[in-house]
Amino acid sequence: MSVAPDPAKPLAGVRVVELGTLIAGPFCSRILAEFGADVVKIESPDGGDPLRTWRKLHEGTSLWWFAQSRNKKSVAVNLKAPEGQEIVRRLARDADIVVENFRPGTLESWGLGWEHLSALNPGLVMVRLSGYGQTGPYSQRPGFGAIAEAMGGLRHLTGYPDRPPVRVGVSIGDSIAALYGAIGALMALRHREVNGGRGQIVDVALYEAVFALMESLLPEYDKTGFVRERTGASLPGIVPSNTYRTRDDKYLVIGANNDSIFKRMMRALGRPDLADDPQLANNAGRVPRTEEIDDVIGRWAASVDLHEALEVLNAAEVPAGKIYDIADIAHDPQYLSRDMIQSFALPGGGSLKLPGIVPKLHATPGGTDWIGPRLGEHTGEVLRGLGYGANDIAALRAKAVVTGP
């Protein structure tokens, strides 16, 4: 069930229409909803967003759904029906942002593209997330996050050099694109407020969002022909920065590539000779001796249990940590103290832990007002707000244009 918008949230009063499914578009809208935007999520009456049934379920609903759709209003509308398209046009007339992640051209075929909606609302900002963007020779191809990760350069770098490329364990390409979509939407709103009141398209291609994170790959290739390859757990050229196995078969990540940190670590490991070696005083000198340094650290790590290693390294102020699984995260005092593990009531009883809100705004923090809604839970509420009378809504339900209370 929805509650009244919190006026203390920074995006209170911002109206968003979400026309997306699965990950990229809905995650973009989720960020806006967490910080107070009034997000109306349009779903197909025929089952709704497929994410509702992805991965682990609770009484038929995805546990992922409860997080991804927090603070959103679900309106079940058949977008292929002219009457359903009219509902979206009415929503768009008063919206600040429309978020969509259909294949380019799909909304246009329904009379809901940029030209149609911006004519009704010149101040509208339209965030368009797609595999390849709205233009270019690949724009009409179907594009998923996994393909974007491959095309954007991430997959080529992920894994070990003697093995095939691997994926990150989450849909990182979609989520990166969603973050750029939210950033772009806020930029466009700022421009609208300051420079004349007109909206614009925020065109986010998933592969470009991934590529934008690829550090120095392009300039290195351009000037030297260097193609960075997979390197497993190490970070070549930055020494030491690697993962080491401890005596109790746990894994320890150490990033001691700062010159003073390196010296402190070597002394803590009982190797003052390396701490004081003039050749190792800076990263350029350490790189040729990477194997030697990693061997020293690896042998030391293998001689102690993980908790002992962390005690030594923390005392020496060396950045280090274990590799967390979700069980570690759920019980970690740092996560708990920062309110990153939150508990919410589930429909029908029981509770569910969901991640807290990022970033943390000091004066106007975001929050979860309600978890992911039932399909069409807010259909009647939203339609009444658009001026539809009881008979109009009943007629739309009878024609299966909308569903829900």
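The values are calculated or read from the model by the stated rules, or taken from the named source; none is laboratory data. As the structure is a prediction and not an experimental result, all values here were calculated from the model. As a convention, Cβ positions derive from the backbone with ideal geometry for all residues, glycine included, and neighbour counts pool all protein chains shown. Only protein heavy atoms, including side chains, enter the accessible area calculation; ligands, DNA and RNA are left aside. Shrake-Rupley method; radii C 1.70, N 1.55, O 1.52, S 1.80 Å.
Among Ala92, Ala76, which is surrounded by fewer than 24 Cβ atoms within 10 Å (Cβ to Cβ) and closer than 24 Å to Lys399 by Cβ? Step by step, each of Ala92, Ala76 is checked, and only Ala92 is surrounded by fewer than 24 Cβ atoms within 10 Å (Cβ to Cβ) and closer than 24 Å to Lys399 by Cβ. Within the stretch 239-257, the set of residues being among the aromatic types (Phe, Trp, Tyr) and within 19 Å of Ala316 (Cβ to Cβ) comprises Tyr244 only. Whenever a residue of the stretch 184-203 is free of Cβ contacts under 8 Å to residues at least 60 places away in the same chain, its partners that are open to solvent by less than 70 Å² (accessible area, probe 1.4 Å) and β-branched (Val, Ile, Thr), lying with C-beta atoms within less than 8 angstrom and at least six residues away or across chains, give the pairs Gly184/Val127; Gly184/Val202; Gly184/Val204; Met187/Val202. Residues in the stretch 297-312 that are charged (D, E, K, R) and in a helix (DSSP H, G or I): Arg299, Glu308, Glu311.
Listed by first and then second residue, the pairs with beta-carbon distance under 7 Å, at least 6 apart or on different chains, first residue in the stretch 77-101 and touching a residue at least 40 places away in the same chain (Cβ under 8 Å), second acidic (Asp, Glu), are Val99/Glu18.
Within the stretch 95-119, take every residue that is surrounded by fewer than 16 Cβ atoms within 10 Å (Cβ to Cβ) and of a type in the set (D, E, K, R) and give me the one that is nearest to Phe344 (Cα to Cα). Once the filter is applied, the top-ranked residue is Arg103. Residues in the stretch 180-192: is at least one open to solvent by 60 Å² or more (accessible area, probe 1.4 Å) and in a loop (DSSP other than H, G, I, E, B)? Checking the stretch 180-192: not a single residue is open to solvent by 60 Å² or more (accessible area, probe 1.4 Å) and in a loop (DSSP other than H, G, I, E, B). Here Arg15 meets each of (1) crowded, with 24+ Cβ neighbours inside 10 Å; (2) out of contact with any Ser or Thr (no Cβ under 9 Å at 6 or more places or on another chain); (3) among the charged types (D, E, K, R) with one exception, condition (1). Does Thr231 fit the bill of being of a type in the set (S, T, N, Q) and either more than 30 Å from Arg167 (Cβ to Cβ) or under 33 Å from the mean Cα position of the chain (by Cα) (or both)? Answer is yes for this residue. Apart from one condition, His307 fits all of (1) under 18 Å from Thr243 (Cβ atoms); (2) surrounded by 14 or more Cβ atoms within 10 Å (Cβ to Cβ); the exception is (2). Of all residues in the stretch 39-46, one or more are in a loop (DSSP other than H, G, I, E, B), of a type in the set (Ser, Thr, Tyr) and over 19 Å from Ala178 (Cβ atoms). Being more than 23 Å from Pro236 (Cα to Cα) and surrounded by 14 or more Cβ atoms within 10 Å (Cβ to Cβ) holds for only one residue in Asp328, Asp277, Asp332, and it is Asp332. When the stretch 338-376 is limited to residues that are assigned to a loop (DSSP other than H, G, I, E, B) and among the aliphatic types (A, V, I, L, M), the one that is surrounded by the fewest Cβ atoms within 10 Å (Cβ to Cβ) turns out to be Ala363.
Here Pro122 clears all of (1) assigned to a loop (DSSP other than H, G, I, E, B); (2) surrounded by 18 or more Cβ atoms within 10 Å (Cβ to Cβ) except the condition numbered (2).
Residues that are open to solvent by 60 Å² or more (accessible area, probe 1.4 Å) and of a type outside the set (A, V, I, L, M, F, W, C) within the stretch 225-247 comprise Arg228, Glu229, Pro236, Arg245, Arg247, listed in sequence order. Scanning the stretch 153-179 for residues that are under 21 Å from Arg128 (Cβ atoms) and either among the hydroxyl-bearing types (Ser, Thr, Tyr) or surrounded by fewer than 18 Cβ atoms within 10 Å (Cβ to Cβ) (or both) returns Ser171, Ser175, Leu179.
Checking Arg55, Arg70 one by one, the residue that is in a loop (DSSP other than H, G, I, E, B), free of Cβ contacts under 8 Å to residues at least 12 places away in the same chain and either open to solvent by 10 Å² or more (accessible area, probe 1.4 Å) or touching an Asp or Glu at 6+ places or on another chain (Cβ under 8 Å) (or both) is Arg55 and no other. Within the stretch 8-23, no residue that is without any contact (Cβ under 8 Å) to a residue 24 or more places away in the chain sits with its Cβ atom under 9 Å from a residue that is surrounded by fewer than 24 Cβ atoms within 10 Å (Cβ to Cβ) and part of a loop (DSSP other than H, G, I, E, B) at 6+ positions apart or across chains.
Consider the stretch 385-402 and keep the residues that are closer than 14 Å to Asp94 by Cβ and within 34 Å of the chain's Cα centre (by Cα). The one that is surrounded by the fewest Cβ atoms within 10 Å (Cβ to Cβ) is Gly385. Is there a residue in the stretch 190-202 that is among the small types (Gly, Ala, Ser) and at pLDDT 95 or above? For the stretch 190-202, residues among the small types (Gly, Ala, Ser) and at pLDDT 95 or above: present.
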